[in-house]
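Encoded as structure tokens, the structure appears first; notes follow it.
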Amino acid sequence: MPSDGSVGNVERPAFAFPFILSTPVWGAGHLGLFLNVSLPSLLSAGNLPGLTRNPQNRYLIYTRPENEAELKAAATFALLSEIIAVEVILIREEITEPHRTMSDCHIDSFQRADEVEGAAIFLPPDCVWSDNSLVALERIARGGKSVVHMSGIRLDRDAVLPELAARYTRNGTVLSLPPRELVDIGLRHLHPIALTHFWKDYGGGLMPANLIWNVAGQGLLLRCFHLHPLMVKSQVRFAKFASTIDDDLALRACPDASRDYVVTDSDEILAFEMSGLSRVVGTVCPKGSIEGAAAWAEIGTNERHRELIKQTIRLKARDDDAAAWNVAQAESDDVVTSMASFNANSFANLLRRSPKVFASRAIAAVLGRGDRRDDGILLHVVRYPVLFLIALLRFNRTLYSRMFLVNGLPRITHPTWLVRKALVPALQNCILQGDRIIVLIGGDPLLGPAVRAAHPNSTVYAFASGSYPDLTLLGKSGLEQVDTLVVIDVNLQDLRPLLEQRIGRRRVLLRLAGDTRPVCGDFNEVRYFGDGGARVSSLVWDRVRRFRASAAPTSQMSNMAAKAAGVPFNPFIYLGVAIAACSVNVFGLLLDVAKRARWALFRKQDSSLPRGPST
């Protein structure tokens, strides 16, 4: 690139203010992803090399001392240093909360940008970028915009990386991806977290921070509360923000929202995040729940977020079916309007119309996240009761984790401990050594990592009960197919759409021993796991769950009141459940041991018997 800032025969004018770009990155996994995927995509011609040269432009990389040598030895780092001044800033403090450390790095880079009256550009280490994204960003910034917001859907890192491998140039240092090609790749490798954002597709729960509609054969339509602030040029220099950059930075540093710019077309700027399947994000309500999404919005959004969701974002692999896009647009408009209608209600109306949304607004007001006109009235009424309830909930959550879990897995005090103890090895045994692609339906989300640990050469996708994963989301095309589908002890009536897709050349139903329900569906094998102890444990807790369901109040208001009233008693309930579960699990273990001992005695008397008890 010529030293005068020109690209080819096109002369670029001097840029009025500098860009301070920054990336916090540490740890072998994230550093490797940054150096080998994210940075090569930023080194494509229309990204970093295409920016106007400004002697004050800087790229700040925040990393740990133990990662500095690997960072500086990378060929991509050397190429980056030829394009822009790079400063490596070492994080010497111990990292106990990664998100807090990352936010501290963002605060530092934001302040450095303010010092030179420049714009801060936040580039995550785990993103892959389409070509011409940063050139488009510079054009937008030159137009006088203060904040540039963009989406960042998450992809399955391990599935998408092999597909990117053939697209590198310059000895693996540059990755050039046209936006529509990148969208096409992304659609085939969506992460399970991305599936939680779909308004109605793919089963499971909903995380309403971002809402997605599938436009068949074309791409995705998004409505987002939380967008990534790719660029921030302060209107209020050295503004203080308390949370993450996608929460309150724009609100504090750039109060004039008219100078915001939302990237609504992936042809302009596009990036996908990449994560391993072990990355899990919780959901807060059922799919398609207006009330649940509105309740989350009371706590999870501010006034800026509620403006952002009014924008429609299109990620386009193709754009030749206007009718399909219009259908998704109309449905998303209805959803956003309906949520806004819920959130526009006064406290008095919410108490009558939706106690759930009312409770969320009360919590938001007490936490200082409320920005409604009547927050002050509510604070006087509920501040101390709600604060007390929040403290109790946090205590209960910590107590639950300590009492029932170890490293996220059930202890012997957990009701499912014995069943899971029998399920994991049985599940691992369902997988054949030659299986490359495996889909699990049902069970807890940590079963996926357990199977991957036993079959490290396999790609494992784990979904909740009732999910209907689409083959296009599993990254399959041509001759590539799922080798084995394992369905774990769920109601087969819910599986008919799944079985109609005929996912998997081999389909296995895994059930608890003694299950007498008829097998309805197209399965190659039906396997059973667990002995009498696991069966007894399952029956006991199934009866308990049914009793709780039958005793629960039918009205929403009564149900919420009952839950709130029960919070102070949860520690005693936990203690009782732990004692009962431990007793049932120990009894089940003794039952299994007795059964095996009796079988061993019978076999000793008659050597013609098989080696173990049949289930």
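Within segment 88-111, the set of residues being more than 26 Å from the chain's Cα centre (by Cα), surrounded by 14 or more Cβ atoms within 10 Å (Cβ to Cβ) and among the acidic types (Asp, Glu) comprises Asp108 only. Taken over segment 380-438, the criterion of being among the hydrophobic types (A, V, I, L, M, F, W, C), more than 22 Å from Ala578 (Cβ to Cβ) and assigned to a loop (DSSP other than H, G, I, E, B) is satisfied by Ile431, Leu432.
Would you confirm whether or not segment 122-138 contains a residue that is among the acidic types (Asp, Glu) and in a helix (DSSP H, G or I)? So far as segment 122-138 goes, yes, one or more of its residues are among the acidic types (Asp, Glu) and in a helix (DSSP H, G or I). Please go through segment 54-84 and give me each residue that is more than 17 Å from Gly29 (Cα to Cα) and surrounded by fewer than 12 Cβ atoms within 10 Å (Cβ to Cβ), ordered by number. Result: Pro55, Glu82. For segment 303-357, give me each residue that is in a loop (DSSP other than H, G, I, E, B), of a type in the set (Lys, Arg) and either modelled with pLDDT of 95 or more or touching a Ser or Thr at 6+ places or on another chain (Cβ under 6 Å) (or both). Of everything in segment 303-357, just one residue is in a loop (DSSP other than H, G, I, E, B), of a type in the set (Lys, Arg) and either modelled with pLDDT of 95 or more or touching a Ser or Thr at 6+ places or on another chain (Cβ under 6 Å) (or both), namely Lys310.
Assessment of segment 184-193 against the conditions (over 25 Å from Thr301 (Cα atoms), basic (Lys, Arg) and in the same structural domain as Asp334 (by TED's automatic domain parsing)) yields at least one matching residue. State whether one or more residues within segment 297-304 are crowded, with 19+ Cβ neighbours inside 10 Å, without any contact (Cβ under 8 Å) to a residue 60 or more places away in the chain and touching a helix residue (DSSP H, G or I) at 6+ places or on another chain (Cβ under 8 Å). There is at least one residue in segment 297-304 that is crowded, with 19+ Cβ neighbours inside 10 Å, without any contact (Cβ under 8 Å) to a residue 60 or more places away in the chain and touching a helix residue (DSSP H, G or I) at 6+ places or on another chain (Cβ under 8 Å). Can you spot a residue in segment 499-512 that is surrounded by fewer than 17 Cβ atoms within 10 Å (Cβ to Cβ), in the same structural domain as Leu427 (by TED's automatic domain parsing), at negative phi and modelled with pLDDT of 80 or more? Yes - at least one qualifying residue is present in segment 499-512. For beta carbons closer than 8 Å, sequence separation of 6+ or different chains, a first residue in segment 103-120 that is not assigned by TED's automatic domain parsing to the domain that holds Ile245 and a second that is of a type in the set (Gly, Ala, Ser), there are no qualifying pairs.
Out of all the residues in segment 142-153, is one or more more than 17 Å from Ala250 (Cβ to Cβ) and modelled with pLDDT of 95 or more? Yes, because at least one residue in segment 142-153 is more than 17 Å from Ala250 (Cβ to Cβ) and modelled with pLDDT of 95 or more. In segment 305-323, the residue that is farthest from Gly408 (Cα to Cα) out of those that are buried (at least 18 other Cβ atoms within 10 Å of the Cβ) and of a type in the set (A, V, I, L, M) is Ala317.
Considering segment 568-615, the residues that are modelled with pLDDT of 75 or more and in contact with an Asp or Glu (Cβ under 9 Å, 6 or more places away or on another chain) include one that is nearest to Thr416 (Cα to Cα), namely Gly588. Take the conditions at pLDDT 75 or above and in contact with a Leu (Cβ under 7 Å, 6 or more places away or on another chain) and apply them to Val536. Does it pass? Taking the combined requirement at face value, the residue satisfies it. For segment 318-343, enumerate the residues that are under 20 Å from Gly152 (Cβ atoms) and over 22 Å from the mean Cα position of the chain (by Cα). Answer for segment 318-343, where residues must be under 20 Å from Gly152 (Cβ atoms) and over 22 Å from the mean Cα position of the chain (by Cα): just Ala328. Check segment 517-529 and report whether any residue there is at pLDDT 75 or above, small (Gly, Ala, Ser) and surrounded by 14 or more Cβ atoms within 10 Å (Cβ to Cβ). No: segment 517-529 contains no residue that is at pLDDT 75 or above, small (Gly, Ala, Ser) and surrounded by 14 or more Cβ atoms within 10 Å (Cβ to Cβ). Of all the residues in segment 392-418, those that are buried (at least 19 other Cβ atoms within 10 Å of the Cβ) and closer than 27 Å to Asn457 by Cα number 1. With the condition kept exactly as written, say whether any residue in segment 376-391 is at pLDDT below 85, under 25 Å from the mean Cα position of the chain (by Cα) and farther than 30 Å from Ser130 by Cβ. Yes, there is a match, as at least one residue in segment 376-391 is at pLDDT below 85, under 25 Å from the mean Cα position of the chain (by Cα) and farther than 30 Å from Ser130 by Cβ. Answer yes or no: is there a residue in segment 274-293 that is within 22 Å of Glu138 (Cβ to Cβ), of a type outside the set (S, T, N, Q) and touching a Phe, Trp or Tyr at 6+ places or on another chain (Cβ under 9 Å). The answer is no; no qualifying residue exists. Selection of strands (runs of 3 or more DSSP E) fully inside segment 172-263 by the criterion of at least 1 residues being farther than 26 Å from Arg100 by Cβ, at pLDDT 95 or above and under 14 Å from the mean Cα position of the chain (by Cα) returns 210-215.
The values are calculated or read from the model by the stated rules, or taken from the named source; none is laboratory data. Not measured: the values here are computed from a predicted model. No Cβ is skipped: glycine too gets one built from the backbone with ideal geometry, and neighbour counts run over all protein chains shown.
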